[in-house]
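The values are calculated or read from the model by the stated rules, or taken from the named source; none is laboratory data. Treat the numbers as computed from the prediction; the structure is a model and nothing was measured. Reconstructed Cβ throughout: ideal geometry from the backbone, glycine too, with neighbour counts over all protein chains shown. Accessible surface is based on the protein model in full, side chains and every heavy atom, while ligands, DNA and RNA are left aside. Shrake-Rupley method; radii C 1.70, N 1.55, O 1.52, S 1.80 Å.
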Amino acid sequence: MHVHMVGNGREGSGGWLRLSRWHGWLASFMVKQLGLPANSLQGNLEARYAEVLRQFVRESSLDAVVLLAHERVHEADGTLRADLGSMFVPNDVVLGLAKQHPEFLAGVAIHPARPDALDELDRCVAEGAVLMKCLPNCQNIAVSDVRYRPFWQRMADYRLPLLAHTGGEHTVPVINAAFADPKLLRLPLECGVTVIAAHCGTSSGVFDRDYFVDWVKMLGEFPNLYGDISAMVSLNRCSHLLDCLGDEIAPRILHGSDFPVPVLGHRLRLQGVLDQQSFRRIQKLQNPLERDWQFKQALGFTDEISTRVTALLRLPDDCESGGVPSHSKTQATEEPGLQ
Ligand SMILES: [Zn+2]
């Protein structure tokens, strides 16, 4: 449910990748983790990346992943700030890949201040979008700005869920740190949008504010609020992972990987929540999607965290009626295990 598409637009997609020294180092590390050649960041990254990712999905326990576009930074008045941000993955890239490959479902990205936001939303839904993703703190989105009400209402009408980044962020540059607060997701929730708070508001670095408790409080108020545990099998974002197994919280948890963010179980092992045998067996799995999934299973998360999202996504007709997509790896009697 939370897998990033990455590309540099070399083949004319219109996307771009612009990396500072720190983000360039991070990107090179991620490229290496994927087994891609070191010069991939300069070559046709989109095709190579999509192919490697498809292979990972096919060889994992998952049937399909929601592949995310990445929006550009905009001012509140809708002005595009092409000088800010580190990457742009146009919606057509993920919509196109989802049409070609059953391993991918399209997660589009639209800044609600864009002058064409509603038209783009209509177009993306018609083209098969299953959710909309944004990073309010990195794309400068004051989610509860009343000017965006028509946009959230249209999303609610379409039953298109919103996956919104919450908590700190260190993989893409932050424009407005205050927008990491899940309490700012109130307006789309009130409009009836299913909102998934990515990372459950957890902090990413030692100096970030942690909003996990704020997010938990909101669960009581909004039955349409969820959280994903993407990037939480890591060195920096794992502190609340076990809290997500609690009786009150677990029914609102969805599985996401945040691929290509590395999956590292070392800190969980040091904390003693993973036994040495499981840690060694799972950490050496070459497939990062499978490694992430197996770590979560070893910690006690059930299959429901991956299947629950099936009822929330705006899936094509063959899934909406409870049918199982033709590519499903699960038995016909089970729900498809989507991520
Ligand atoms: Zn992410």
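At-a-glance table
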| item | result |
| --- | --- |
| Wholly within the stretch 235-300, helices (runs of 4 or more DSSP H) carrying at least 2 residues that are open to solvent by less than 30 Å² (accessible area, probe 1.4 Å) and in contact (Cβ under 8 Å) with a residue 24 or more places away in the chain | 288-299 |
| Counted residues, the stretch 133-183 - those being open to solvent by 10 Å² or more (accessible area, probe 1.4 Å), hydrophobic (A, V, I, L, M, F, W, C) and more than 23 Å from Asp116 (Cα to Cα) | 4 |
| All positions within the stretch 104-129 that are of a type in the set (A, V, I, L, M), within 16 Å of Ala69 (Cβ to Cβ) and away from the ligand (no atom under 16 Å from the Cβ) | Ile110, Ala117, Leu121, Val125, Ala126, Ala129 |
| Matching option when the condition is under 23 Å from Ile196 (Cα atoms), outside any helix (DSSP H, G or I) and either touching a strand residue (DSSP E or B) at 6+ places or on another chain (Cβ under 9 Å) or among the β-branched types (Val, Ile, Thr) (or both), among Ala82, Ala106 | Ala106 |
| Lone unmet requirement of (1) under 30 Å from Ile305 (Cβ atoms); (2) out of contact with any Phe, Trp or Tyr (no Cβ under 6 Å at 6 or more places or on another chain) for Leu97 | (2) |
| Lone unmet requirement of (1) open to solvent by less than 20 Å² (accessible area, probe 1.4 Å); (2) of a type in the set (Gly, Ala, Ser); (3) part of a helix (DSSP H, G or I) for Ala98 | (1) |
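Conditions (1) free of Cβ contacts under 8 Å to residues at least 12 places away in the same chain; (2) touching a helix residue (DSSP H, G or I) at 6+ places or on another chain (Cβ under 8 Å); (3) under 22 Å from Asp292 (Cβ atoms); (4) away from the ligand (no atom under 16 Å from the Cβ), marked per residue:
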residue: Gly15; (1), (2), (3), (4): no, yes, no, yes
residue: Ser20; (1), (2), (3), (4): no, no, no, yes
residue: Asn44; (1), (2), (3), (4): no, no, no, yes
residue: Tyr49; (1), (2), (3), (4): no, yes, yes, no
residue: Gln55; (1), (2), (3), (4): yes, no, yes, yes
